[in-house]
Structures are given as C-alpha cells and as structure tokens.
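The values are calculated or read from the model by the stated rules, or taken from the named source; none is laboratory data. Everything numeric here is computed off the predicted structure, so don't read it as measured data. Positions of Cβ are backbone-derived with ideal geometry, glycine not excepted, and every protein chain shown enters the neighbour counts.
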C-alpha cells in the first residue's frame, strides 16, 4: 500500500487515502506545511517515508524565515516555474538520495494561489471540485481555473484509477479487414464505434475513454497521416519511430489496428529508435484471423540515436518516419554537445519519405518546424500543422503553465523534408 499512495502527489488530498471534499478538513504537516492528511492516523502511517524530506524542508524554512515558495514579484508570474524548480534543486542537493516522483511533484504542484501564487497556507481556500487548485482572498473566482477544473479532476481520477486496476491494453478493437474507407472524425468517435472492452471495470465513463485513448493515439495518429497523404501501403510497411522511449513500448499490441484497417498490409515492421531503450526484438501477439493469414507485427528496438541508426548495418529503409512529442526545439544551442537533434534532422532529410511529428502545443510545433528549417534550409515546408483529431484524451498536469497537456495534441506532416506547401490550421 505504501508504494501505491506514493505514486503521485496532490496538495489538497490526503496523501495516503487520496480523500478530499469540503466536508473533510485536511491536516497539513506542521513542519513542512506542504503535504496533507485526513487525520493523525494517516499522517503517522506516512511519517516513516516523509520524515527524511520533512527534516530538510523544515530546516530550509528556519533558514529563510519565510515561505518555501516566495510569491513572484513580476506581474506576469513567468518566474513561478523557476521558483519551484530552484527549491527542488536545493532540496535535491541537500538530500543523500534521489527524490521520488511524488516528492518532485510536491515542488512542482504546491498549494498556492493559482493566479498570484501566494503560498501562505492560512489565507488560501481550496477548490471544492478538484484537488489541484487553491485561491487567495483576492482571486476566489478565477475564470481561467473554471475552464481547467474538470480536466484537473479527471487527471486526479485517472491517477487514482491507475493505482487500483491493472493496465489492460485494448485489443482487437477494429474488425479484421474493416470495410470502412475513412477513419472516424476523432479518436472519441473511434472509441465509441469500436472499443467495447473494459466496460466491466468500476471506473467512470470519462476515465475509460481517456485511459483507452492513451493507447490508441499512436497508431491512429499514423493512420490519420496516411489518410491525409492519400497513401496506399503495399504488403509490407516499415515505420521508424524516432526519439522513442519506454512509453512507446507500452501497448505494442494495438499496432495490429493497421493490419486490420489497411487491406493490403501483411507485415508491419516498427523500428523504435532511441538511446534510452534496451536493444531487443519483439513480436506482439495478433488475433487469430491475422495469424491464419500470416499477418504480423514485428518490432525492433534500437538503443541509439537516429543518425547512428541510419549509418548502422541494421538500417532498413522506412516508408514513414514518426516522432511522438520529441521536442526538436528544446536544445536551442546548435553548437552544444547536447544537441543531438541537428544531426538527426540532417539524417531525416536523406530518407525521401513522409515525416510526421507530434507536439504538445501549436507553439512547440512551430518551434520544431523552425528548427528543421534552421538545419535543412528555409525551403522545407509543411503539408499541414494542425490540432490532431486523434490526440490522447488523457490529461497530464503541466507544472510550468499550471494547466494540462495531452499526448500528440498537434500533428505536423511533411511529405518529405523538401519543398512542399505550408498550411497551418
């Protein structure tokens, strides 16, 4: 149980049982004043895990003589993410062990006014509908949070659900060789039409939809790009997934959707390429119909940078290259030894096949495109850059903008990295 309640942190719930409501006054740790409990029993239960970090935080409070999270002085509050990050780094340096994920979230998502970031505990009132927001007396009715509240509550519900139920990959969601010519308009429509699994689990309808979409977003995003490019795959198709990490390894079975949706396709080869991975070869199970027809999905996992893979003996020519939320723009110093994306982009420019990238926001997508142009030249242009109708519906908290983000929210498609036409929707 200890492992379960330490999987995530919300400032306005009991850390142990995750309870919150206006009828449940929370008891905040008297020393650090960051973590909360529904009563002394759960505070005592969690104390063996909390006391080490609590001592560091308490000492810092005494040293500074003020709040651990000083209110930003700039009116735009752009410095707030840095305030939180700086404190987390200070604590990490004082600690003899690595901070756990929930401990990092104590700094990323502290109890503070969502507008001005006042963190004086006695003056704050918590949102009654979600556990992710508090308000100072001046900002009790914040219109921005009203738009975010339901998403933050869903995010919390999904985090709790993940501790209660074993993750189940949605399987066989598309009939074998479906007669549909086009994808449904959105991932929500796709789920409504095809997914009939997991309805026996005692979770809310919204949780089930969001949970399922997190698995389906990757293959459906590629299918959407294939449809927009009016591309007709043959018997074999090879996909390069650049910047891949362990997220791409979860739910490989759902890629069977492509075998069912694309009538000519018999062998789908997916090559996951990323330095964080461990080299392996995987053969996900397929349905009986696919097995009878000798249709299969083959996954190669390559633990290297893309530019190294292109020059390796195991290189296979791709039909498509796709990068999910890779963030090409994040290393701004082209001369830095940490810039591994510039040589990657140059390698992408030699492949003569469609390239698909996804991003969390439209601003990030535009920065990724600018980065590609900076490396390959301004002649590179987009087929499209738009909100992805097959983005995940599962919200994740964003500590920098204090909102939520979604996997693959923006899709960018290049027919190839050469001269095309630009259309940003």
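Conditions (1) touching a helix residue (DSSP H, G or I) at 6+ places or on another chain (Cβ under 6 Å); (2) in contact (Cβ under 8 Å) with a residue 60 or more places away in the chain, marked per residue:
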{"site": "170", "(1), (2)": "yes, yes"}
{"site": "203", "(1), (2)": "yes, no"}
{"site": "234", "(1), (2)": "no, no"}
{"site": "240", "(1), (2)": "no, yes"}
{"site": "243", "(1), (2)": "no, yes"}
{"site": "248", "(1), (2)": "no, yes"}
{"site": "257", "(1), (2)": "yes, yes"}
{"site": "262", "(1), (2)": "no, no"}
Open item on the list: For the stretch 48-65, check the following and say yes or no: at least one residue is in the same structural domain as residue 154 (by TED's automatic domain parsing), in a loop (DSSP other than H, G, I, E, B) and either loosely packed, with under 14 Cβ neighbours inside 10 Å or touching a residue at least 24 places away in the same chain (Cβ under 8 Å) (or both).
Closed with: yes
Open item on the list: Here's a check for you: in the stretch 268-279, which residue that is outside any loop (DSSP other than H, G, I, E, B) and in contact with a helix residue (DSSP H, G or I) (Cβ under 9 Å, 6 or more places away or on another chain) is farthest from residue 169 (Cα to Cα)?
Closed with: 273
TODO: For the stretch 177-198, enumerate the residues that are at pLDDT below 90, in contact with a helix residue (DSSP H, G or I) (Cβ under 7 Å, 6 or more places away or on another chain) and either more than 15 Å from residue 254 (Cβ to Cβ) or surrounded by fewer than 16 Cβ atoms within 10 Å (Cβ to Cβ) (or both).
DONE: 177, 178, 182, 198
Task: Selected residue (criterion: modelled with the lowest pLDDT) from residues of the stretch 1-17 that are closer than 11 Å to residue 163 by Cα and assigned to a loop (DSSP other than H, G, I, E, B) - done: 1
Open item on the list: If a residue must be within 28 Å of the chain's Cα centre (by Cα) and surrounded by 16 or more Cβ atoms within 10 Å (Cβ to Cβ), how many such residues does the stretch 66-76 contain?
Closed with: 2
TODO: Go through the residues of the stretch 219-227 one by one and say whether even a single one is crowded, with 20+ Cβ neighbours inside 10 Å, under 23 Å from residue 296 (Cα atoms), more than 22 Å from the chain's Cα centre (by Cα) and at pLDDT 90 or above.
DONE: yes
- [ ] Return a yes/no flag: does the stretch 292-300 have any residue that is touching a helix residue (DSSP H, G or I) at 6+ places or on another chain (Cβ under 8 Å), surrounded by fewer than 19 Cβ atoms within 10 Å (Cβ to Cβ) and at pLDDT 95 or above.
- [x] yes
- [ ] Could you list all residues from the stretch 33-70 that are in contact with a strand residue (DSSP E or B) (Cβ under 8 Å, 6 or more places away or on another chain) and over 17 Å from residue 18 (Cβ atoms)?
- [x] 40
